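K.L.:
Sharing a structure with you now.
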Amino acid sequence: MLFYVGMTRSASSILQDQKAKSEQHDPAMLEAAFHQAAGLEIQSVLEQGDISRFGVLMHEHWLRKRAGRRP
């Protein structure tokens, strides 16, 4: 679903900000990139029906998310 919320953003400025943060090795940006790549791999193995690999990837992803939490 798509919804118009009454405001727009410039994609080019967002992409420039992401690029700058990546080049500066911003931890939050790098973590977001990891989660995106992991999500794509998880989707791929699920679509292929590789349930064993899917479980391993979900477990690894959960461990990484849990390790990043602060008490």
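K.L.:
Which residue, of Q16, Q43, is modelled with pLDDT of 85 or more, loosely packed, with under 12 Cβ neighbours inside 10 Å and of a type in the set (S, T, N, Q)?
P.N.:
Q16
K.L.:
Within the range 1-41, track down each residue that is within 28 Å of R64 (Cβ to Cβ) and among the charged types (D, E, K, R).
P.N.:
If the condition is that a residue be within 28 Å of R64 (Cβ to Cβ) and among the charged types (D, E, K, R), then D17, K19, K21, E23, D26, E31, E41 are the ones that fit.
K.L.:
Considering only residues of the range 1-13 that are open to solvent by 100 Å² or more (accessible area, probe 1.4 Å) and among the aliphatic types (A, V, I, L, M), which is modelled with the highest pLDDT?
P.N.:
Selected residue: V5.
K.L.:
Could you tell me whether any residue of the range 54-70 is in a helix (DSSP H, G or I), modelled with pLDDT of 85 or more and acidic (D, E)?
P.N.:
yes
The values are calculated or read from the model by the stated rules, or taken from the named source; none is laboratory data. What you are looking at is a predicted structure, and each value in this text was computed from that prediction instead of being measured. Methodologically, a virtual Cβ is constructed for each residue, glycine included, from the backbone with ideal geometry; neighbour enumeration extends over all protein chains shown. Quick note on the areas: whole protein, heavy atoms, side chains included, nothing else; ligands and nucleic acids left out. Shrake-Rupley method; radii C 1.70, N 1.55, O 1.52, S 1.80 Å.
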